Amino acid sequence: MAIENILMPQLGESVTEGTIEKWLVKPGDTVNKYDSLAEVNTDKVTAEVPSSFTGVIKELIAQEGETLAVGALVCTIEVEGAGTAEVAVEAVPAKEEPANEMPAAGSQKPVSSLNREKGAAAGRYSPAVLRLSQDNGIDLTLVEGSGKEGRITRKDLLAIIESGNIPTAPSAPAAPVTEAAAPSSVAPVTPAPAAQKVTDSVNVPISAGDIEIPVTGVRRAIASNMLRSKHEAPHAWMMIEVDVTSLVQYRDSLKNDFKKKEGFNLTYFAFFVKAVSQALKEFPMMNSMWAGDKIIQKKDINISIAVATEDSLYVPVINNADEKTIKGIGRDIQELAVKVRSGKLKSSEMQSGTFTVNNTGSFGSVQSMGIINHPQAAILQVESIVKRPVVMGNGMIGVRDMVNLCLSLDHRVLDGLVAGQFLARVKAILENITSENTSIY
């Protein structure tokens, strides 16, 4: 018999971690290859981790509610193997750290191998536990784990942080300062405060009648991704006003016959997505991503659209939107929205997005500043179409259908010039949509 490891899979192009929401198996269960082992939440999708082997569940390493990095060990399976020696469950770090040093910030290890006598699993730490302990100065060797076989979980650390009793290693006594010591000519350096983590506990006063809502794995993943985007990407904002009177008249003239013929609604949003995809072809820099030492200008134009449920937000992707008709885009919007709200959206349908268009106008919003969908460089908010009095070119005042387009951009990648030109092009396309020069097929 041999022991095989099941690792946290990468459930999206930019996904770096996932949260075990619910185990679907227990130790001793027999599973076949491709059977579902656990439900996992990320900032992109809720999915199930499949088994890579046929065998018997040996040990569940990760706890429900625990967040693990992609590639981290989640469980082990005992499989048939003729004369095969059992494989060690603990992962071996790529590089050993000195015993008196913590891992560098950002390093990730599926398992730590500190030896302690509090349980068989007491010395194994998930990447999420390691990061949380480093961020809050917690000495893990002084923590009693509540997980299986003494394993320390995120819940253990969150409880410690909330209590304020942080177990830290004793520091060496400072050398006494005497009057004879020469004053230092170097000014003391005050370390910059660390960015607040979404896992930080906040002391909020609770009054009678208040309702406490537990943070789900999906909500935690959304919070983490939004925080990352705001911390990493220097956001800048622009807005442009567009007269879509002709577009509204054209769409309204088609919508009833279109619904009877095609079976789904012809929405304004399909026209906006088409206009954006066309403008992205002409301004490809808007279809780029920051990659540290370089900027990646994406070839394909894949539009992410935001679809909300009662407690979550998903961003499915319309692939190659520039190659599709308004009807084709409208069908994709309809089908993706139905999949999100019925829980049938696949992780593959949320990958490879290059630019996000958000239909905030569906809620009546007229102006908003979106947070960029990491690692993309921009997001466009399409606000509500409203009738307003407008001064026309001849000096007369007319009632027109107006909409605001609000652009958030990553200033590492994009500057105001190209962003302004892009918005002006989207405006021109939308203002020239008429029955004479625009086909939805």
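Every number here is computed from the coordinates shown, using simple stated rules; none is lab data. What you see is a predicted model; the values in this text were computed from it and never measured. All Cβ positions, glycine included, derive from the backbone under ideal geometry; neighbour counts span all protein chains shown.
Please check which bits of region 389-414 a label hung off Gln367 would reach, taking the label as a point 7 Å along Cα-to-C-beta and the cut-off as backbone N under 16 Å. Only 389, 402-408 pass the distance filter.
Stretching the chain fully between Asn165 and Glu64 yields a gain of 33.9 nm (0.36 nm per residue, less the alpha carbon separation).
Report the gain in length on full extension from Tyr34 to Ala223: 0.36 nm times residue separation, minus Cα-Cα distance, nm rounded to one decimal.
The Tyr34-Ala223 span can extend by a further 65.0 nm.
Ordering 140-147, 72-79 by mean Cβ neighbour count within 10 Å, with the highest value first, yields 72-79, 140-147. Rounded to the nearest Hz, the phi-derived 3J(HN,Hα) couplings of region 383-392 under the Karplus curve 6.51 cos²θ - 1.76 cosθ + 1.60 (θ = phi - 60°) are 8, 5, 7, 10, 7, 9, x, 10, 6, 7, where x marks glycine and proline. Across region 296-441, C-alpha contacts under 8 Å between residues 6 or more apart give a mean separation that, scaled by the residue count, equals a relative contact order of 19 percent.
Rounded, prolate or oblate: pick one for region 199-311, where a ≥ b ≥ c are the square roots of the eigenvalues of its C-alpha gyration tensor, a/c under 1.5 means rounded, and failing that, prolate if a/b is larger than b/c, else oblate.
oblate
Packing around the peptides 292-299, 15-22, 221-228, taken as the average count of other Cβ atoms within 10 Å per residue, puts them in this order, highest first: 15-22, 221-228, 292-299.
Every Cα-Cα pair in region 274-362 was counted, and those over 18 Å apart are 45% of them.
By the equivalent-ellipsoid construction on the alpha carbon gyration tensor, region 361-425 comes out with semi-axes of 28, 16, 6 Å, ordered largest to smallest. Quick one: go through region 350-374 and flag any residue whose amide nitrogen is under 16 Å from the point 7 Å out along the Cα-to-Cβ line of Glu335. Counting backbone N atoms under 16 Å from the label point, the list is 350-351. Residue pairs exceeding 26 angstrom between C-alpha atoms, taken from Lys33/Lys346; Lys294/Lys346; Lys33/Lys344; Lys299/Lys387; Lys259/Lys281: Lys294/Lys346; Lys299/Lys387; Lys259/Lys281.
Between Val386 and Lys22, the simple label model (points 7 Å from Cα in the Cβ direction) yields a spacing of 4.2 nm.
Peptides 321-331, 357-367, 203-213: what's the order by average Cβ count within 10 Å, highest mean first? Don't jump to the answer; show the numbers that get you there.
Values: 321-331: 18.8, 357-367: 16.8, 203-213: 6.2.
Going by the mean number of other Cβ atoms within 10 Å, highest first, we get 321-331, 357-367, 203-213.
Full extension of the chain between Lys346 and His235 gives 37.0 nm of extra length, using 0.36 nm per residue less the Cα-Cα distance.
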